[in-house]
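The values are calculated or read from the model by the stated rules, or taken from the named source; none is laboratory data. From a predicted model like this one, the values you see are computed outputs, not experimental measurements. Backbone-built Cβ (ideal geometry, glycine too); neighbour counts: all protein chains shown. Each accessible area value is taken on the protein alone, full model and side chains, heavy atoms only, with ligands, DNA and RNA left out. Shrake-Rupley method; radii C 1.70, N 1.55, O 1.52, S 1.80 Å.
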Protein chains: 2
Amino acid sequence: MSRRLVLADAGLAVIAEEGMRGLTHRAVDRRAGVPPGTTSNYFRTRRDLIVALTERLYRRLTPEDAALVEAAAREPTRDQWVRLMVELVERALAQPALHVALWEIRLEAVRRPELMPVLTELVRGGFRADVAFLHRSRLPGTAHEVRLLHLAINGLILELLTLPDALEVGDWPAIAADLVDRIVYATPGARVPLGDIER
Amino acid sequence: MSRRLVLADAGLAVIAEEGMRGLTHRAVDRRAGVPPGTTSNYFRTRRDLIVALTERLYRRLTPEDAALVEAAAREPTRDQWVRLMVELVERALAQPALHVALWEIRLEAVRRPELMPVLTELVRGGFRADVAFLHRSRLPGTAHEVRLLHLAINGLILELLTLPDALEVGDWPAIAADLVDRIVYATPGARVPLGDIER
């Protein structure tokens, strides 16, 4: 693994243990067991460091290409839609610290607007990839419906990771299935087309 | 205003400017312009301080009683459902730093499980109040549907506050209306009843 990746993983471990407030270049040096100044050489500013961590995060939260090819080949049924959402939540729950770090970084962007353009590109890229995957999978749904599910499943993952008992979301696979039924498969009332990222 | 509230508001201002990593008893003393040690006298531990800030946050994000009485008296139509969701998002967007602080505190609870019981009670209390409000308002919907809308609207608010351009959620009033139509008013496919907080 390259030195950059080793440092990025060390930075993610620092965030997992101490939160964003523990994230300094020196802390990453210590965690990676490299000489002081190494992290600064690779990532000059705090912004550079955070961007590298975020790219690494996304990589680690995204399924392998082979798994995506396999998933896209399944029958395009309602159960497959639900399974995709359940797998998404399972990935988050399997690596809670990574997912929490992603949200901590996003919240930090509110105070550090210089992070916003690159984070926006990363999230937007993930969203476009999801829409393209849906298309390849021959599943019903539009980019707008992917967006709505994103919002709701993000909300669900955050509840599960932070305060799982507050809204009683313990039976989350049933909740994920219900969201698919309501957002993708239900007969709508009045619906409004939105956005320009269409499949 | 009581000294406790002055200190809590000062703590929220510290988080707004510097994030959780800036939140120390000394920083709150400085911000409130009180002698060093004052905040420690009122809130002995970091946990005590964070709990007080969270209670204050909730108070500041909740509408006044008079506004709730007025809102509950409106006609229980689909447009009223949508209006309630739009007002909820507007409150968050009007005080973005408060809302961001709430999520930073929730994420901190992942690393500080001693925060979880009291935060769970606060969030659960807000949820129960929302369900009771729905009932008083004679609007259609169950506790489960309030839960689903909570998840999706939380996801929407977080997108709007952190990376508004990533998923193209700029036309958020239409998105909020669409979520109400799909979650409360659409004809469902297979639906599963969930949870024990029922109206």
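If you plug the beta carbon distance of A:T77 and B:R138 into 1/(1 + (r/R0)^6) with R0 = 35 Å, you get a FRET efficiency near 0.35. Based on the alpha carbons, how large is the Rg to Rh ratio for the protein assembly as shown when Rh follows Kirkwood? Across the protein assembly as shown, the Cα-based Rg/Rh ratio is 0.97. Contact order, relative form, for chain B: 21 percent (alpha carbon pairs under 8 Å, 6 or more residues apart, mean separation divided by residue count).
Distance from the A-onto-B rotation axis is smallest for the Cβ of the chain A residue given, in whole Å, as A:R21, 1. What FRET efficiency comes out for the pair B:Y58/A:A13, r = Cβ-Cβ distance, R0 = 30 Å, nearest 0.05? FRET efficiency, B:Y58 to A:A13: 0.35. Return the FRET efficiency for the residue pair B:R4, B:A129: r is the Cβ-Cβ distance, R0 is 30 Å, and the value is rounded to the nearest 0.05. Working from the Cβ atoms, E equals 0.85. Can you give the net charge of the other residues whose Cβ lies under 11 Å from the Cβ of B:E75, counting K and R as +1 and D and E as -1? Residues close to B:E75 contribute a combined charge of +3. Which percent of the accessible heavy-atom area of chain B goes to carbon and sulfur, probe 1.4 angstrom? Carbon and sulfur together cover 54 percent of it. Taking chain B as a Gaussian network of alpha-carbon nodes connected by springs under 10 Å, the highest mean-square fluctuation of the residues B:A177, B:A129, B:A66 belongs to B:A66. By the combined test of axial Cα extent (at least 30 Å) and Kyte-Doolittle hydropathy (mean at least -1.0), the qualifying DSSP H helices of chain B come to B:116-137.
Counts of other chain beta carbons within 10 angstrom of each beta carbon in peptide A:15-22 average 4. Averaged over peptide A:169-176, the number of partner chain Cβ atoms lying within 10 Å of each residue's Cβ comes to 3. Measuring how big chain B is from its alpha-carbon positions, Rg and Dmax come out at 18.6, 62 Å.
Computed with a 1.4 Å probe over protein heavy atoms only, the accessible surface of segment A:1-100 comes to 52 Å² per residue.
Computed from the alpha carbon positions, the gyration tensor of segment B:61-170 leads to an equivalent ellipsoid with semi-axes of 25, 19, 13 Å, biggest first.
For the chain pair A and B, the interface hides roughly 5600 square angstrom of accessible area in total, found with a 1.4 Å probe. In terms of the Cα gyration tensor, with a ≥ b ≥ c the square roots of its eigenvalues, is segment A:1-61 rounded because a/c is under 1.5, prolate because a/b exceeds b/c, or oblate? Rounded shape, in that the Cα axes give a/c under 1.5.
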